[in-house]
Amino acid sequence: MNEVKPPTPAQICVSEIIGTWALTFFGPASVITLISVLGGGPAALFGIGATFGFIIMIMIYALGHISGTHINPSVTVGLAAAGRFPWKLVGPYIVAQCIGALIAGLCLYGFFPEVGKAVYFGSTLPNPELGITDGAAVVIEIVLTFWLVFTIMGTAVDKRAPPGWAGFAIGFIVACDIWAGGPLTGASLNFARSLGPAIAAAFVGDFLPLAKLWIYAIGPIIGGVLGGVIYEYVFKPAK
């Protein structure tokens, strides 16, 4: 029998680039298509949440055996804080994720140079019409990301979990987060997801999403750490 070799560092980095590219392209593209092109409506939020959930689920099953499909700095830092991922790899993973986000931003700009402007190419922003201040947005992102990383710990990390269901569960918690928090903050949960569309918007002179990126760095990272650490120390999953 041929020995199964573990992924090389290059393969792992490329996996994170491609996975983040897919997430940060298809998710925001659904925002542009469903709102700017098709006019929105009550079903738009459901479609956006489903798109994000499905693409994450697909990438987990396609690339999880290569890099773990973090495709999100909050997941990487949260798992490291819980002692489930080496800190020495946090930097390379986040760099790869940001590269994937940059590629996605270029694709969003190239695919939707005009219709993308109306929704900042699918960027995440606090919704002032619902009274969401920047500070409130940070807190909302902390809570939403907590549920994401808590679910990852319980379904993908904990060896006691039923095998084969992690992608399904993680995709659906992302969809639920978007259905609940999308109208409030965009429900980013992920700095890289926010970075890609912000770059696309900057190409057409809209810098508001870039100015608000700090919200989607601070909130999701804190939420990811809380989700990972609380699961690890409360439920004590097997190593």
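The values are calculated or read from the model by the stated rules, or taken from the named source; none is laboratory data. Small disclaimer: the values here were computed from a predicted structure and weren't measured. Because the Cβ atoms are built from the backbone with ideal geometry, glycine has one as well, and the counts that use them run over all protein chains shown. For the accessible areas, the whole protein counts, side chains as well, though only heavy atoms, and no ligand, DNA or RNA atoms are used. Shrake-Rupley method; radii C 1.70, N 1.55, O 1.52, S 1.80 Å.
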Among the candidates PRO86, PRO92, PRO73, PRO113, residue that is modelled with pLDDT of 95 or more and either buried (at least 22 other Cβ atoms within 10 Å of the Cβ) or on the phi > 0 side of the Ramachandran plot (or both): PRO73
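Among the listed residues GLY39, GLY53, which satisfies the condition of being surrounded by fewer than 24 Cβ atoms within 10 Å (Cβ to Cβ), out of contact with any Pro (no Cβ under 8 Å at 6 or more places or on another chain) and either free of Cβ contacts under 8 Å to residues at least 60 places away in the same chain or not in a helix (DSSP H, G or I) (or both)? It would help to see each step written out before you state the result.
On the way: GLY53 fails: either free of Cβ contacts under 8 Å to residues at least 60 places away in the same chain or not in a helix (DSSP H, G or I) (or both).
After ruling out the rest, the residue left standing is GLY39.
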Looking only at the stretch 1-13, and only at residues there that are over 17 Å from the mean Cα position of the chain (by Cα) and not in a loop (DSSP other than H, G, I, E, B), the one that is nearest to SER188 (Cα to Cα): ILE12
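Is it true that TYR61 is surrounded by fewer than 17 Cβ atoms within 10 Å (Cβ to Cβ), within 20 Å of ILE152 (Cα to Cα) and in contact (Cβ under 8 Å) with a residue 24 or more places away in the chain?
Here the answer is yes, as TYR61 does meet what is asked.
Going through GLY19, GLY78 one at a time, which residue ends up being within 11 Å of the chain's Cα centre (by Cα), closer than 19 Å to PHE191 by Cβ and open to solvent by less than 10 Å² (accessible area, probe 1.4 Å)? Step through it out loud before you land on a result.
Values: GLY78 fails: within 11 Å of the chain's Cα centre (by Cα).
It is GLY19.
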Cβ-Cβ under 7 Å pairs, at least 6 apart or on other chains, the stretch 98-112 side part of a helix (DSSP H, G or I), far side open to solvent by 70 Å² or more (accessible area, probe 1.4 Å): GLY100/ILE18; GLY100/TRP21; ILE103/TRP21; ALA104/TRP21; TYR109/PHE203
Single residue of LYS159, LYS117 found to be farther than 20 Å from ILE55 by Cα, among the charged types (D, E, K, R) and in a helix (DSSP H, G or I): LYS117
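Identify all residues within the stretch 145-164 that are closer than 13 Å to PHE235 by Cα and among the aromatic types (Phe, Trp, Tyr); write none if there are none.
Within the stretch 145-164, the subset closer than 13 Å to PHE235 by Cα is 150-151, 153-155, 157-161.
Within the stretch 145-164, just PHE150 meets the criteria.
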Pair list, Cβ < 9 Å and 6+ apart or interchain, from the stretch 152-168 residues that are at pLDDT below 95 to residues that are basic (Lys, Arg) and part of a loop (DSSP other than H, G, I, E, B): LYS159/LYS239
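Just checking, which of ILE230, ILE221 is among the β-branched types (Val, Ile, Thr), part of a helix (DSSP H, G or I) and either over 22 Å from GLY19 (Cβ atoms) or free of Cβ contacts under 8 Å to residues at least 12 places away in the same chain (or both)? Reasoning before the result, please.
Numbers: ILE221 fails: either over 22 Å from GLY19 (Cβ atoms) or free of Cβ contacts under 8 Å to residues at least 12 places away in the same chain (or both).
One residue alone meets the criteria, ILE230.
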So ALA202, is it without any contact (Cβ under 8 Å) to a residue 12 or more places away in the chain and in contact with a helix residue (DSSP H, G or I) (Cβ under 6 Å, 6 or more places away or on another chain): yes
Count of the stretch 204-234 residues which are over 16 Å from the mean Cα position of the chain (by Cα) and either modelled with pLDDT under 95 or under 17 Å from PHE85 (Cβ atoms) (or both): 6
